[in-house]
Amino acid sequence: MFFRKRKAPDRDSFPEAPAVTAAFRRVVTGHDPQGWSIVRSVDTLRPVTTELGEVAFAQVWATPEVPANLNDRSDGAGATGDRGGSLVRVVDFLPGRKSRLHRSWSIDYAIVVSGELELQLDSGMVEHLVAGDIVIQRGTSHLWRNAGEDPCRVVFVLVEALPVMVGGQLMPETDS
């Protein structure tokens, strides 16, 4: 889902969508011509609600390949991170909403920053998550549900991985 089926939306994909959650700063470092470490840019990003209204979303950075090319001076906020890349995004799960059941061929590190969230797997297993929890999502079919009354902020780091094989059978990417 994250790497092959859809391009990640850029920050202007939903310009009319209301901003319902708090902004955050993105600080990008680099090097000056003499090799000194510098802060290259500081931006304020605000997640905006997607068309389906399930989350507020902001892409922070992406690389087109792993390992990343640190000599590339382009702004990773506009990159897609598909086909062999990596992606960092902030997702605010809105109260009373859930995502679609989906599976991607990536390893996803989900860091719950604030609020509470449920991770539900296609087997029916549900894990309640709170701020400070970290989920390592290894290509399983899952959905996210915010059963609470406040938004839940999660930082996702996604890195493309090899397709999942179980018992010699390919587990396909899905986006139900």
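The set of residues in the stretch 61-97 being touching a residue at least 40 places away in the same chain (Cβ under 8 Å) and part of a strand (DSSP E or B) consists of Ala62, Ser86, Leu87, Val88, Arg89, Val90, Val91, Asp92, Phe93. Being among the charged types (D, E, K, R), surrounded by fewer than 16 Cβ atoms within 10 Å (Cβ to Cβ) and assigned to a strand (DSSP E or B) is true of Glu127.
Looking across the stretch 85-115 at every residue that is open to solvent by 20 Å² or more (accessible area, probe 1.4 Å) and among the polar types (S, T, N, Q), the one that is modelled with the lowest pLDDT is identified as Ser86. Within the stretch 27-36, not a single residue is assigned to a loop (DSSP other than H, G, I, E, B), surrounded by 12 or more Cβ atoms within 10 Å (Cβ to Cβ), in contact with a strand residue (DSSP E or B) (Cβ under 6 Å, 6 or more places away or on another chain) and not charged (D, E, K, R).
Each residue in the stretch 6-26 was checked for being open to solvent by less than 80 Å² (accessible area, probe 1.4 Å) and modelled with pLDDT of 90 or more, and 4 pass.
Of all residues in the stretch 140-176 being among the charged types (D, E, K, R) and assigned to a strand (DSSP E or B), which is farthest from Leu52 (Cα to Cα)?
Keep residues of the stretch 140-176 that are among the charged types (D, E, K, R), which gives 145, 149-150, 153, 160, 173, 175.
Now drop any that are not assigned to a strand (DSSP E or B), which leaves 145, 153, 160, 175.
Values: Arg145: 14, Arg153: 18, Glu160: 25, Asp175: 14 Å.
Looking at residues that are among the charged types (D, E, K, R) and assigned to a strand (DSSP E or B), I get Glu160.
For the stretch 140-176, filtered to residues that are in contact (Cβ under 8 Å) with a residue 60 or more places away in the chain and of a type in the set (D, E, K, R), the residue that is most open to solvent (accessible area, probe 1.4 Å) is Asp175.
Scanning the stretch 109-124 for residues that are assigned to a strand (DSSP E or B) and among the polar types (S, T, N, Q) returns Ser114, Gln120.
In the set (1) open to solvent by less than 30 Å² (accessible area, probe 1.4 Å); (2) within 30 Å of Ala147 (Cβ to Cβ); (3) at pLDDT 90 or above, the condition left unmet by Arg46 is number (1).
Without any contact (Cβ under 8 Å) to a residue 40 or more places away in the chain, within 13 Å of the chain's Cα centre (by Cα), in a strand (DSSP E or B) and crowded, with 16+ Cβ neighbours inside 10 Å: is that true of Gln137 in this structure?
On the way: without any contact (Cβ under 8 Å) to a residue 40 or more places away in the chain: yes; within 13 Å of the chain's Cα centre (by Cα): yes; in a strand (DSSP E or B): yes; crowded, with 16+ Cβ neighbours inside 10 Å: yes.
Yes.
In the set (1) open to solvent by 30 Å² or more (accessible area, probe 1.4 Å); (2) modelled with pLDDT under 90; (3) closer than 23 Å to Gly85 by Cβ, Glu51 fails one condition alone, (3).
The values are calculated or read from the model by the stated rules, or taken from the named source; none is laboratory data. The model shown is predicted, which means the values in this text are computed figures rather than measured ones. Glycine gets a Cβ as well: all are built from the backbone with ideal geometry, and neighbour counts include every protein chain shown. For the accessible areas, the whole protein counts, side chains as well, though only heavy atoms, and no ligand, DNA or RNA atoms are used. Shrake-Rupley method; radii C 1.70, N 1.55, O 1.52, S 1.80 Å.
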